[in-house]
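Notes to accompany the following structure.
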Amino acid sequence: MSKPMTKTQLVAALAEAMGSDKKTATTALDAIATVVTSEVASGGAVTLPGIGKVSCKARPERQVRNPATGETMTKPADKQVKVTVAKALKDSVNV
């Protein structure tokens, strides 16, 4: 398995695909991250066409076990970020 693409590499590839400079690509990438973060944090969902859907799911209070001690304790309700991969992406990977 190869190493994941770094932000610098992603910005360079995005700038090349956009036919733009790296500064503009960085601004665009940061703006997308900000919009997705704020929307998901407020309980909404964002669909990134061709990539997938990022959403927030509420999890109820539940019983969990500490694997080190075996002690059972109650974990309070929290939220979980969920990413559903788009069918187009799955199909392009499994060709």
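The values are calculated or read from the model by the stated rules, or taken from the named source; none is laboratory data. Here the structure is a predicted model, which means the values were calculated and not measured. Note that each Cβ is placed from the backbone with ideal geometry, even for glycine, and that neighbours are counted across all protein chains shown. Just the protein is used for accessible areas: all its heavy atoms, side chains included, with ligands, DNA and RNA removed. Shrake-Rupley method; radii C 1.70, N 1.55, O 1.52, S 1.80 Å.
Annotation note: of 53, 57, 90, 75, the sole residue that is modelled with pLDDT of 95 or more and of a type in the set (D, E, K, R) is 53.
Taken over region 49-63, the criterion of being open to solvent by 50 Å² or more (accessible area, probe 1.4 Å) and either within 30 Å of residue 8 (Cα to Cα) or hydrophobic (A, V, I, L, M, F, W, C) (or both) is satisfied by 49, 51, 53, 58. Inside region 20-37, residues that are open to solvent by 70 Å² or more (accessible area, probe 1.4 Å) and either more than 23 Å from residue 90 (Cβ to Cβ) or in the same structural domain as residue 84 (by the TED database) (or both) make up a count of 7. Among the criteria (1) exposed (fewer than 12 other Cβ atoms within 10 Å of the Cβ); (2) within 27 Å of residue 93 (Cα to Cα); (3) more than 19 Å from the chain's Cα centre (by Cα), the one residue 3 does not fulfil is (3). Residue-level check: of (1) open to solvent by less than 80 Å² (accessible area, probe 1.4 Å); (2) touching a strand residue (DSSP E or B) at 6+ places or on another chain (Cβ under 8 Å); (3) aliphatic (A, V, I, L, M), residue 81 misses just (1).
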